[in-house]
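Only one structure is covered here, and it is reproduced in the block below.
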Amino acid sequence: GDVFPTPFDPVLPGVEVIRADVYDDAQLLPCITGADAVVNLIARLHGSDAEFARTHVELPRRIAHACARAGVQRLIHVSALGVTDTRAPSSYLRSKAAGEQALREVPGLQVTVLRPSLMFGAHDKLTNLFADLQRMAPLVPLAGANAKVQPVWVEDVARALMRCLEQAQTIGQ
């Protein structure tokens, strides 16, 4: 299975980095056991229908069932802007919608779903790519004339996650 290593080991008070194959229930369950809440940030931007299904549908289902087995009721799931239903125009969005639905199948789970747009931060590949392109050329081509991007600062998403954990009224939203 895929192993999702962290690109660096952050030194943050109260943060413990645990490396595990999240597709292996024997490794996933101990990561969740004893937690007050779980936040699922795992996603992929590119891949086949099967890869999207594995990451965006199978994994949230595994996480939800692991939460139920471990007695963890609270789950914050980061989905994507534009997710409406499983008939969405792209494999990415269809798989994200199916993953959200999979979370609703586990009784007693207190789920909040966030749907941010493309996130950017100080060292991301997206904004730094555009910055590099602008250094080389005065004009930067977009994906199309009607292309729209609504990026969100990663720290704003982090703040929203924290608020969701703190505010029970976000459950089911």
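Using only alpha carbon pairs under 8 Å that are at least six residues apart, calculate the relative contact order of the stretch 11-114 and give it in whole percent.
Reported relative contact order: 29 percent.
What do you get for GluC sites (Glu not before Pro) in the stretch 7-108 restricted to DSSP loop and a cutoff of at most 12 other Cβ within 10 Å of the site's Cβ?
Passing both the DSSP loop test and the Cβ count: 16, 105.
Using the Karplus equation 6.51 cos²θ - 1.76 cosθ + 1.60 (θ = phi - 60°), what ³J(HN,Hα) coupling, rounded to whole Hz, does each residue of the stretch 124-134 give in order, writing x for Gly and Pro?
6, 7, 6, 5, 6, 5, 5, 4, 5, 4, 5
Roll a 1.4 angstrom probe over the protein heavy atoms and tell me the percent of accessible area of the chain that is carbon or sulfur.
It is 57 percent, rounded to a whole number.
Between residue 104 and residue 58, what is the label-to-label distance in nm when each label sits 7 Å out along the Cα-to-Cβ direction?
According to this spin-label approximation, the distance is 2.4 nm.
Between residue 165 and residue 33, what is 0.36 nm times their sequence separation minus the Cα-Cα distance? Round to one decimal in nm.
45.8 nm
Once the stretch 43-107 is represented by equal point scatterers at the alpha-carbon sites, with solvent omitted, what log10 I(q)/I(0) does the Debye formula produce at q = 0.12, 0.13, 0.15, 0.24 Å⁻¹?
So the normalised log intensities are -0.28, -0.33, -0.43, -0.96.
Normalising by the residue count of the stretch 65-173, find the relative contact order in percent from Cα pairs under 8 Å and 6+ residues apart.
Relative contact order of the stretch 65-173: 29 percent.
For the chain, modelled as a Gaussian network with Cα springs under 10 Å, which listed residue fluctuates most, 119, 162, 136?
Top of the fluctuation ranking is 136.
Using a Gaussian network model of the chain with C-alpha springs under 10 Å, which one of 72, 111, 17 is most mobile by mean-square fluctuation?
Result: 17 has the largest fluctuation of those listed.
Given the rule -39500 (n - 2.57) for each run of at least 4 DSSP H residues, summed and divided by the residues of the chain, what is its mean residue ellipticity at 222 nm, to the nearest 500 deg cm²/dmol?
-11000 deg cm²/dmol
Sequence-distant or interchain residues sharing an amide H contact under 5 Å with residue 74, placed H: which?
38, 110
Any idea what angle helix 59-70 forms with the longest principal axis of the chain, computed on alpha-carbon atoms, 0 to 90 degrees, nearest 10?
On a 0 to 90 degree scale, this one is about 30.
Relative to the longest principal Cα axis of the chain, at what angle does helix 91-104 sit, 0 to 90 degrees, rounded to 10?
20
Just to verify a number: what accessible area does residue 117 come out at with the full protein assembly present, 1.4 Å probe, Å² rounded to tens?
In the full protein context, residue 117 sits at about 30 Å².
Leaving out ligands and nucleic acids, note down the accessible area per residue over the chain with a 1.4 angstrom probe, in whole Å².
Accessible surface, normalised per residue, equals 64 Å².
On a 0 to 90° scale, report how tilted helix 154-166 is relative to the longest principal axis of the chain, with both axes built from alpha carbons and the result rounded to the nearest 10.
20
Using a Gaussian network model of the chain whose springs link C-alpha atoms within less than 10 Å, name the residue from 94, 135, 61 with the highest mean-square fluctuation.
135
What list of ³J(HN,Hα) values in whole Hz, one per residue of the stretch 27-44 in order, does the Karplus curve 6.51 cos²θ - 1.76 cosθ + 1.60 (θ = phi - 60°) give from phi, with Gly and Pro shown as x?
8, 5, 4, x, 5, 9, 4, x, 7, 7, 7, 10, 10, 9, 10, 6, 7, 9
Probe 1.4 Å, all protein chains in place: accessible area of residue 52 in Å², nearest 10?
Rounded to the nearest 10, the figure is 10 Å².
The values are calculated or read from the model by the stated rules, or taken from the named source; none is laboratory data. Remember, it's a predicted structure, so these values are computed and weren't measured experimentally. Every residue, glycine as well, gets a Cβ built from its backbone with ideal geometry; the counts of neighbours run over all protein chains shown. The protein model used for the area step is the full one, side chains on, heavy atoms only, and it has no ligands, DNA or RNA in it. Shrake-Rupley method; radii C 1.70, N 1.55, O 1.52, S 1.80 Å.
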